[in-house]
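Below: one structure, written as structure tokens.
Each value in this text was obtained by applying a stated rule to the coordinates, not by laboratory testing. Because the structure is predicted, anything quoted here is derived from the model rather than measured. Ideal geometry is used to build each Cβ from the backbone, glycine not excepted, and the neighbour counts take in all protein chains shown.
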Amino acid sequence: MSTIFTWYGHATIGLQTAGVHLLIDPYFSGNPTATAKPTDVPADYILVTHGHGDHLGDTVAIAKRTGATVISNAEICGWLGSKGIKTHAQHIGGGFQYPFGYLKLTLALHGSGLPDGSAGGNPVGFLLTTNSGKKIYFAGDTGLFGDMRLIGEEGLELAALPIGDNYTMGPDDALRAVKLLQPKVVIPIHYNTWQLIKQDPQAWKQRVEAETQTKCVVLAPGGTYQVEV
Ligand code: NI
Ligand code: MN
């Protein structure tokens, strides 16, 4: 069973696994790097890491169009539920077995205010165990934290980490995160969307591969990576 990771630009990721389309932080409208339209992308489940506009993005419109279930923390699910969206609320440390795998919410150090000023609870990351047993970690927007070591102990096939700096980890701390997480493969995200988070992913890849055993895959927006099975 193959698992295909698509980077749509910024922190927007598509994951096709077990015949199910997951969409993570679906920010298309207003995203200068977006490579797809919110009216086109497939979604059976939408995973939202936190309430900020560049992550919640087009969640409401895509969920209404596709009938997708949104998975997020309880506060964001409550807010979406009041708009008629189907949700499955979880919280940090809790996992649930879905048809596409076992999904656990993880710590993220960030904010989570919703676009209308509502409180969005705590931001989260996601740790997915696919049906073939591969673990994929989506850090969400976060600073570096030492408990990434605990997430790494699970044995990661792939990690998607922000490297943009300013709002999240920059290249230096993201490199330290790779050392704690020790994934087989890392894909950098949340950079080059705007000047404020401009980074050189090839330079970061060189540092990762010189200082760790992790392979770094740099995707262009719209690019895909097939997770080994
Ligand atoms: Ni954010
Ligand atoms: Mn962000």
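Lysine pair count for the chain (Cα-Cα distance under 14 Å; residues 8 or more apart in sequence or on different chains): 11. Given their separation in residues at 0.36 nm each and the Cα-Cα distance between them, residue 213 and residue 97 gain 38.7 nm when the chain is fully extended.
Rounded, prolate or oblate for the stretch 1-113? Axes are the square roots of the Cα gyration tensor eigenvalues, ordered a ≥ b ≥ c, and the cut-off for rounded is a/c under 1.5. Rounded, because the longest to shortest axis ratio a/c is under 1.5. A Cα-only calculation for the stretch 145-229 places Rg and Dmax at 12.3, 37 Å.
Once the gyration tensor of the Cα atoms in the chain is diagonalised, the equivalent ellipsoid follows with semi-axes of 25, 19, 17 Å, ordered largest first.
Given +1 at the Cβ of Lys and Arg, -1 at the Cβ of Asp and Glu and no other charges, the dipole of the chain around its Cα centre is 340 debye to the nearest 20. For a modelled paramagnetic label at residue 119, 7 Å from Cα along Cα-to-Cβ, the residues of the stretch 54-77 in reach, with backbone nitrogen under 19 Å, are 72-77.
For a Förster distance of 30 Å, can you work out the FRET efficiency between the beta-carbons of residue 37 and residue 200, rounded to the nearest 0.05? E between residue 37 and residue 200, to the nearest 0.05, is 0.55. Its relative contact order, with pairs defined as Cα atoms under 8 Å and 6+ residues apart, puts the chain at 18 percent.
Counting Lys and Arg as +1 and Asp and Glu as -1, each charge on the Cβ, what is the dipole of the stretch 28-81 about the Cα centre in debye, to the nearest 20? Before the final figure, lay out the partial values.
Values: 3 positive and 5 negative charges, 28 e Å.
Computed charge dipole of the stretch 28-81: roughly 140 debye.
Once C-alpha pairs closer than 8 Å and six or more residues apart are averaged by separation and normalised to the residue number of the stretch 160-229, the relative contact order reads 32 percent.
So for the stretch 1-122, averaging the separation of alpha carbon pairs under 8 Å that are six or more residues apart and normalising by length, what relative contact order in percent results? Show your work: numbers first, answer last.
Working: 267 pairs, mean separation 22.7, N = 122.
The normalised contact order for the stretch 1-122 reaches 19 percent.
Taking only Cα atoms, what is the 0 to 90° angle, nearest 10, from helix 171-181's long axis to the longest principal axis of the chain? For 171-181 against the chain, the angle is about 90 degrees.
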